[in-house]
Amino acid sequence: MPDPVSIIVWAVVALLVLFAITAIARAIRIVPQATAVIVERLGKYDRTLDAGLHFLVPFIDRPRAIVDLREQVVSFPPQPVITSDNLVVSIDTVIYFQPTDPKAATYEIANYIQGIEQLTVTTLRNVIGSLDLEQTLTSRDMINGQLRGVLDEATGRWGIRVNRVELKAIDPPASVQDSMEKQMRAERDRRAAILNAEGVKQSQILTAEGEKQAQILRAEGTAQAAILESQGEARAILQVFDAIHKGNPDSKLLAYQYLQMLPEIAKGEANKMWVVPTELTAALSGIGNALGGGSGSGGANVLDAPSVGLRPDAGDTGLDDLDAPTLEDPREALRRAREEVEGATRDAEGSTRGRSQSQGQVSGAAPGLDPLQHGEPDFGATPQQGNPESLPVERPEAGHRG
């Protein structure tokens with residue numbers, strides 16, 4: 001049977017060993033990174049332990065609190081807030097804060113997270129109460145700045161630094177949301193109508209400008225074509241009259257021309273009666289006498305007389321050139337045509353000024369016909385010398401009227 005004394009001794013030794021192990025465990029303290037431990041000695045603040053290995057006095061030093069030094073994010077539930085226009089909105093907030101003084105965060109306030117929440121709610125109501133709904137919805141940055149300033153100042157003595165304050169959601173009443181959606185829809189419809197009207201206006205303006213330019217170009221082209229056509233007709237008439245003047249026609253040619261015009265006079269189904277000029281009857285009579293009909297009076301027939309030929313003052317008639325016309329070089333004609341087209345294009349680009357200039361050209365083209373008047377041959381003014389029996393030929397401007 002074991003000795004009671006030895007049992008007591010072994011029990012005491014075991015207790016001593018257990019006490020030593022417990023003391024050693026309480027004396028050694030390992031603090032993680034970004035963490036601070038508040039140590040009290042006999043119930044009084046002694047020191048703050050940083051990251052690393054630390055030794056405490058067993059049963060005298062006791063850790064009071066462990067403070068996380070990292071930045072923390074706390075989201076608070078929606079809070080009803082009344083705006084200045086008496087509308088209740090629900091606002092969610094998010095706070096970003098970081099403990100900077102573990103001792104103050106432990107001894108200055110019992111629960112700094114709850115303190116930050118309540119301070120945020122009261123500050124938010126003060127800020128939103130001075131704003132209406134529209135300003136509340138459009139002034140998030142201003143509200144965030146005011147909240148951060150008030151919270152940072154109030155939590156500074158708690159050893160807390162507020163880095164950011166964000167309004168996560170602002171929810172107005174359902175009826176107000178419906179009205180706002182209708183207003184935004186109407187505003188967008190108005191903008192769409194304005195943009196559509198502006199587009200139609202610009203389209204009509206551009207279309208009108210295009211039609212204006214097209215009409216101007218067509219008018220310029222018509223004017224240039226009329227000018228060129230009138231110049232061509234004037235040149236043709238001038239050459240014809242020059243050829244007639246140089247050819248010195250006699251009565252035989254005139255009688256032949258009268259005969260050629262008879263079918264033209266009688267042309268048309270509606271012609272029931274047409275007047276024969278007296279000169280035509282005389283020409284037909286002369287042609288009949290020339291064909292053997294003879295003259296009742298026995299006088300000499302003027303058509304039997306020899307042709308008078310060219311006028312003595314005709315000079316170089318140029319009839320040889322007319323009989324054997326020479327064609328212009330195609331390359332030279334093509335070059336001149338291109339120059340005329342380029343000139344017409346430049347004139348067309350002058351808009352109203354070019355149109356007035358072209359009208360001036362049209363009015364100024366009339367003098368181009370002066371050579372016809374100044375160089376008009378004097379047909380039949382007096383009988384040709386050497387042929388006294390030739391019939392007088394009337395001037396072209398004193399034409400016969402049927």
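Every number in this text was worked out from the coordinates using simple rules, so none of it is lab data. Quick caveat: nothing in here was measured; it's all calculated off a predicted structure. Positions of Cβ are backbone-derived with ideal geometry, glycine not excepted, and every protein chain shown enters the neighbour counts.
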Give the peptides 231-242, 106-117 in descending order of average Cβ contacts within 10 Å, highest first.
106-117, 231-242
Given H placed 1.01 Å from N in the peptide plane, which residues other than close sequence neighbours of Gly159 have an amide H under 5 Å from its amide H?
none
Counting only residues 5 or more apart in sequence or on a different chain, those whose built amide H sits under 5 Å from that of Arg164 are Tyr96
In whole angstrom, and with the biggest value first, how far do the Cα coordinates of segment 122-216 range along each principal axis?
85, 31, 20
Can you give me the Cα centroid spacing of segment 150-223 and segment 66-138 in angstrom?
34 Å
Protection proxy ranking of 8-16, 218-226 - average other beta-carbon atoms within 10 Å, highest first:
218-226, 8-16
Want the number for Arg125 to Asn196: 0.36 nm per residue separation, take away the alpha-carbon distance, what's left?
21.1 nm
Rounded if a/c is under 1.5, else prolate if a/b beats b/c, else oblate: with a ≥ b ≥ c from the C-alpha gyration tensor eigenvalues square-rooted, which is segment 4-68?
prolate
Amide H proximity to Arg47 below 5 Å, modelled H, separation 5+ or other chain, gives Val39
Could you check the spin-label model distance between Glu187 and Ile28? Points 7 Å from the Cα along Cα→Cβ, value in nm.
6.8 nm
Mean separation of Cα pairs under 8 Å and 6+ residues apart, divided by the residue count of segment 96-166: what relative contact order is that in percent?
54 percent
What list of ³J(HN,Hα) values in whole Hz, one per residue of segment 27-32 in order, does the Karplus curve 6.51 cos²θ - 1.76 cosθ + 1.60 (θ = phi - 60°) give from phi, with Gly and Pro shown as x?
7, 9, 9, 10, 9, x
Would you please calculate the Kirkwood hydrodynamic radius of segment 72-172 over all C-alpha pairs and express it in Å, rounded to one decimal?
13.8 Å
